[in-house]
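Following: one structure in structure tokens, then a few remarks.
Only the coordinates and a few stated rules stand behind these numbers; no lab work does. These numbers come from a predicted model, not from an experiment. As a convention, Cβ positions derive from the backbone with ideal geometry for all residues, glycine included, and neighbour counts pool all protein chains shown.
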Amino acid sequence: MLGKRVDKVVILLGLFSTSLAALLTVTVQDLRQNPQETANFYLENLYKLQFLADSNAPLPSTPAQPPPFSVPKFAIWVNSLLFMSLCLNIFTAILALSIRIIFPNTSSKLSLLGSAPITGRG
């Protein structure tokens, strides 16, 4: 009885851990700077410089620098919570498997404790 419950818990934890790992691979992209944004910044500056050169306006003396990248706070929180949940799932699965290994015959012992013989008067 306990062994079947432990097996079900391990299966559910494995499925949940898999979905958490998939979510982490998607959300971890928010922690890195998108190279497309840097390319767009430089293309926009090239367009402005071309426009200024065509209109005979004075060109800026210093080149523009892209804005520094900062990680959004929500991305840090979401990834931290997902990672902690994944770690807890893996720990729980290891604990459940350890219980299954340490107490392999627990189900038969527990079923004997819970079933008392029913005697009827007849």
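What is the dipole size for segment 2-74, taken about its Cα centre, with +1 at each Lys and Arg Cβ and -1 at each Asp and Glu Cβ, in debye to the nearest 20? Working shown, then result.
Numbers: 6 positive and 5 negative charges, 122 e Å.
Roughly 580 debye for segment 2-74.
In whole Hz, what ³J(HN,Hα) sequence does segment 91-102 give by Karplus (6.51, -1.76, 1.60; θ = phi - 60°), x for Gly and Pro?
Each residue's phi maps through the Karplus curve to give 4, 5, 5, 5, 5, 5, 5, 5, 4, 5, 6, 5 Hz.
Which order do the peptides 40-53, 64-77 take when ranked by the mean count of other beta-carbon atoms within 10 Å per residue, highest first?
The packing order, highest mean first, is 40-53, 64-77.
Kindly state, to the nearest 0.05, the FRET efficiency for residue 76 paired with residue 5, given R0 = 35 Å and r defined as their beta-carbon distance.
That gives a FRET efficiency of 0.45.
For segment 1-76, with the dipole built from +1 on Lys and Arg beta-carbon atoms and -1 on Asp and Glu ones, taken about the Cα centre, which of 18, 42, 63 lies farthest toward the positive end?
18
If eta is 0.890 mPa s and T is 25 °C, what Stokes-Einstein diffusion coefficient results for segment 1-92, Kirkwood Rh from Cα pairs, in µm²/s? Don't jump to the answer; show the numbers that get you there.
Values: Rh = 17.4 Å.
After rounding, the answer is 141 µm²/s.
Which length gain, in nm to one decimal place, applies between residue 22 and residue 39 when the Cα-Cα distance is subtracted from 0.36 nm times their residue separation?
3.3 nm
Taking θ = phi - 60°, what integer Hz values does the Karplus form 6.51 cos²θ - 1.76 cosθ + 1.60 yield along segment 13-22, in sequence order, with x for Gly and Pro?
Taking θ as phi minus 60°, the curve returns 5, x, 5, 5, 5, 5, 5, 5, 5, 5 Hz for segment 13-22.
Please list 3J(HN,Hα) in residue order for segment 80-85, calculated via the Karplus relation 6.51 cos²θ - 1.76 cosθ + 1.60 where θ = phi - 60°; whole Hz, with x for glycine and proline.
Computed from phi, the couplings for segment 80-85 are 5, 5, 5, 5, 5, 5 Hz.
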